[in-house]
Structures are given as structure tokens and as C-alpha cells.
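Data first, discussion second: the structure below is written as C-alpha cells.
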Amino acid sequence: MQLVRIENLCKIYGKGETQVNALKHASFTLERGEFAAVVGESGSGKSTLLNCIGGLDLPTSGKVWLSGQDLFAMSEQERTVFRRRNIGFIFQSFQLIPELNVEQNIIFPLLLDYRKPDQKKVDEILDVLGLKERRSHLPCQLSGGQQQRVAIGRALITKPVLVLADEPTGNLDSKSSKDVIELLHQASRRYQQTILMITHNQNLISSVDHVFQVHDGILSDLGGAYV
């Protein structure tokens, strides 16, 4: 079942001589439960693409549909609520709240939405992420890999249909990177969540369902999994 549809997405920064065409008429679709990766060199437009799909940045033109909803036909407030309930974000820099422990960081998006956490669901995510024994630890007491697991838990706790991961292994060693990719695979299979991940690491895309490439703002479809 089609979950995401991107049509002629363009993003232009600046004007005149300083104008940058960061994204040029990108179009593609993603199915429910699909794990896709976007590859490309730094500055190619990968993060711009992800930010537009997630509604964090407004495209210059083009459309983004998620679960049949036109993201940019909504008001800013409507889009914020829709994003909070339907899209999970995982960032390279973790972006955990230092004063909150592991469990509190994970449930924070629910509290923002005035929802009571389901303790059974919280325990399940902590178990899947291997963080049960760390639930009361602060971010500063965790390794980089453990902090990224917390960030993944935070992205999954709201049961989003789409998870956007921007270089989720960029600050991790090779073993932690493989663990994080495996956890994302579990999310797509176990919870039928669609994952769109940006990465520059070619070694991490051999097992994803679909690969796209962005070069100078132009998106190309490279097809299914490859080594």
C-alpha cells in the first residue's frame, strides 16, 4: 500500500547570483513498511529532501502526500500536529534532553501531545532497544550507540507511519552502526513503519528495500537492494 508520494519537489535558496537549486523536481513513492535509503555526497540535497518530506522545511514547489494527506495544504499548526503524530525523526546528533533519563526522553513526544504513555509499550520498546537496564540513566551516562537507541525509541513511541533518519550512524563506530540499522529493520518489519534513511555509508545499504541517490539536487531511483 502506497504511504508516501512525492511529486515534483523543488527547493530554491537565495536569489540571483546566490541562488541555489537544492532540490530539482524530485518524484517518488514509498510503500507501507518499506525501508529506503537516500545516498549522495555532502551538499547534494539529501537533508533538504528529508526536511521537506517531514514538513520541517517548506518546498519552493511540489507536493508531499502522507497517508493521502497533502502536507502543505495544511496550516502550520495543523502540519505540526500531523507531523508529531505521524512522523518520527532520528538525527545524527541524537538531540536528547540532557536533564531527562532514558525513559523520559523516549516518552517525551507523547507528553508534548498530552497523551499518557502506555507503560507496556514503553517496556516493549526498551526491551527491543536493549535499554531496560539503562532506563533511569541520563544521556551523559550512555555511550553514543546507546544514545542513538534512545533517539530511535523516541521516534517509535508515537507509532508513526513514517520514520525519517538523517545520517543516524554518522557519529557511531562500525558495530554500533550495524546495531542501529538492525533496529531500524526491526521497526519496519515489526511495526510496519516506513523508514527513509539518509546515509553516505555505502556499506549500510546492502539490505534496504530501495535505494535513491541525490546528486546536485537531482534524485535518481537506483532500485532495490544492492551491494
Estimated dipole of the chain in Debye, rounded to 20 [Cβ of Lys and Arg +1, of Asp and Glu -1, Cα centre]
500 debye
If you find the alpha carbon centre of segment 144-165 and of segment 44-82, how far apart are they in angstrom?
20 Å
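Counting only protein heavy atoms and using a 1.4 Å probe, what share of the accessible area of segment 114-214 belongs to carbon plus sulfur, as a whole percent? Before the final figure, lay out each step's value.
Details: 2020 of 4590 Å².
Accessible surface attributable to carbon and sulfur in segment 114-214 totals 44 percent.
Take the Cα gyration tensor of segment 100-190, multiply each eigenvalue by 5, square-root it, and list the three semi-axes largest first, rounded to whole angstrom.
Working: eigenvalues 78, 49, 28 Å².
Semi-axes from the Cα gyration tensor: 20, 16, 12 Å.
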Compute the distribution of all C-alpha to C-alpha distances in segment 1-112, in bins of 5 Å from 0, and list the percent of pairs in each, rounded to whole numbers.
2, 9, 18, 20, 19, 15, 10, 5, 1, 0
Please compute the alpha carbon radius of gyration of the chain, then divide it by the globular-protein estimate 2.2 N^0.38 Å. Two decimals is fine.
1.00
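The values are calculated or read from the model by the stated rules, or taken from the named source; none is laboratory data. Everything numeric in this text was worked out from a predicted model, so none of it was measured. Note that we place each Cβ from the backbone using ideal geometry, even for glycine, and neighbour counts take in every protein chain shown. Side chains are part of the model used for accessible areas, which takes the heavy atoms of the whole protein and leaves out ligands, DNA and RNA. Shrake-Rupley method; radii C 1.70, N 1.55, O 1.52, S 1.80 Å.
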